[in-house]
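Let me begin by presenting the structure, written as structure tokens, before commenting on it.
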Amino acid sequence: MAVKSLKKQGSDLAQSNKQLEILSNGIFQTGELPTFKNKISETNQFPLKAKKLEILQINVGYMCNQVCDHCHVDAGPDRKEIMTRDTMRQCLEVIKNSGAHTLDLTGGAPEMNPDFRWFVEEAAKVGIKDFIVRSNLTIIRANKKYYDLPEFFKKHNVHVVSSMPHWTRGKTDKQRGDGVFDKSIKALQELNAVGYGMPNSDLRLDLVYNPSGAFLPGDQASMEKDFKKALLEDFNIQFHNLFAITNLPIARFLDYLIASENYEDYMYSLVEAYNPAAVKNVMCTNTLSISWDGYLFDCDFNQMLELPVNSKVKHISEYNEELLEGRDIVISQHCYGCTAGAGSSCQGNTIPAEAGIS
């Protein structure tokens, strides 16, 4: 369990160019494994093209109350990058005028941005169909000023998507730190108490599972059943859906893979699990990611690798949906993580269960 971000440690991997060097060289440079570009070219899916915008994902800051081992954002208490209210105002203009039906606020812990509540209140007035806040749960119990978050979320009909590595204390605390499991359980119970996650409730509560080691997630539907059974029996907790997300070889998870000498094996696993059917619905094709300082990216992962959109429009202040639609998506080898097995996105699998995995 890390105690400082890679940036605070002064690690080479805090630099996006160092991460991209690793992802471009070695087994990919020698041809031992095909690059992602070559792989999707085999099925005539290169270049990936942006479709109609559906989701605006806004990262309001990298500050977080946790320092999790797998974090691709390299978030933590020592990260000071925070979206200003001026940039939020620019985002609000885009939210009002874009064709997106989903607004997805992420971080870090988005709730730690001092203007978070103001932003939620203003964004809620726009009438977005699905208003998501990605919460690590423990923030709700981190400080008294956050204790009322369940009621605040309810007031603005926020769809809460929460990190939950496992239904057991040991596996959760190993990935996220001592005491995280108990605080997460308490937060989930408080969300349930105001109506979140309950059967037939419109207050959506979904959980996110990330593997704790150098392996791919199991079947999402099966894991959801196991999570629901265990959390209900042990803690009387209910939720709606479980999203299984593949860890991408970026930032702290990349650091973990290299330190544990699992990098090459993990990349082999991703490439071997590649599914061309998953490419069709990768989240970058219908999503736009906005960084804390207002720059535009195809996805949150590209944001962390500092790979901006391939467009004349680079910043939220010059937003133009027509120019952004149809752009070529920027790719690298980390993209294998979103196209392995049943596919992976911030909304879970990209291939419906009934479609099967080819």
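The label point for Asn97 and the one for Asp182, both projected 7 Å from the Cα toward the Cβ, are 5.1 nm apart. If the segment from Lys51 to Asn157 were pulled out straight at 0.36 nm per residue, it would be longer than the present Cα-Cα gap by 35.4 nm. Quick note on region 283-356: its Rg to Rh ratio, both from C-alpha atoms and Rh being the Kirkwood radius, is 1.01.
The share of C-alpha pairs in region 154-245 whose separation exceeds 18 Å stands at 42 percent. The C-alpha atoms of region 68-134 occupy a region whose extents along the principal axes are 36, 23, 16 Å, arranged from largest to smallest.
Mind giving me the FRET efficiency for Ser260 and Ser222? R0 is 22 Å, r the Cβ-Cβ distance, nearest 0.05 is fine.
Values: r = 26 Å, r/R0 = 1.20.
Plugging the Cβ-Cβ distance into 1/(1 + (r/R0)^6) gives 0.25.
Only helices enter this figure: runs of n ≥ 4 DSSP H residues, each worth -39500 (n - 2.57), summed and divided by the residues of the chain, yield -9000 deg cm²/dmol at 222 nm to the nearest 500.
Each of Ser201 and Arg89 was given a label point 7 Å from its Cα along the Cα-to-Cβ line. The distance between the two points is 3.7 nm.
Convex hull over the alpha-carbon atoms of region 41-187: what's its volume per residue in Å³? Dividing the Cα hull volume of region 41-187 by its residues yields 150 Å³.
Have a look at the DSSP beta bridges in the chain and tell me what percent are antiparallel, nearest 5.
Taking every DSSP beta bridge within the chain, about 25 percent pair in antiparallel fashion.
The distance between label points at Ala124 and Lys229 comes to 3.7 nm (points 7 Å beyond Cα on the Cα→Cβ vector).
If you take the alpha carbon atoms of region 1-76 and fit the smallest convex hull around them, that volume is 143 Å³ per residue.
The accessible area of Glu264, taken with all protein chains in place and a 1.4 Å probe, comes to roughly 100 Å². Taking Cα centre as origin and charging only the Cβ of basic (Lys, Arg, +1) and acidic (Asp, Glu, -1) residues, the dipole magnitude of region 158-198 rounds to 140 debye.
Sorted into 10 angstrom bins from 0, the C-alpha pair distances of region 29-123 split as 14, 31, 25, 22, 7, 0 percent. For the chain, with equal point scatterers placed on the C-alpha atoms only and solvent neglected, what are the log10 I(q)/I(0) values from the Debye formula at q = 0.07, 0.09, 0.15 1/Å, to two decimals? Ignoring solvent entirely, the Cα scatterers give -0.27, -0.46, -1.45.
Ordering of 142-155, 333-346, 208-221 by packing is 333-346, 208-221, 142-155, highest average first (other Cβ atoms within 10 Å, averaged per residue).
Other residues with beta-carbon under 15 Å from the beta-carbon of Cys71 carry, at +1 per Lys or Arg and -1 per Asp or Glu, a net charge of +2. One equal scatterer on each Cα of region 189-321, no solvent, Debye formula: the resulting log10 I(q)/I(0) at q = 0.13, 0.14, 0.17, 0.20 Å⁻¹ is -0.81, -0.91, -1.11, -1.16.
Determine the relative contact order of the chain: mean sequence separation of Cα pairs under 8 Å and six or more apart, normalised by residue count, in whole percent. Before the final figure, lay out the partial values.
Details: 699 pairs, mean separation 78.9, N = 358.
About 22 percent, as a whole number.
Annotation for region 27-84: trypsin sites (Lys or Arg not before Pro) lying in DSSP loop with at most 12 further Cβ atoms inside 10 Å of their Cβ are Lys52, Lys80. A 1.4 Å probe, protein heavy atoms only, puts the accessible area of Ile331 near 40 Å².
The values are calculated or read from the model by the stated rules, or taken from the named source; none is laboratory data. Fair warning: this is a prediction, and the values are worked out from it, not measured in the lab. Quick reminder, even Gly has a Cβ in these numbers, built from the backbone with ideal geometry, and neighbours come from all protein chains shown. When the accessible area is computed, the model is the full protein with side chains, heavy atoms only, and any ligands, DNA or RNA have been set aside. Shrake-Rupley method; radii C 1.70, N 1.55, O 1.52, S 1.80 Å.
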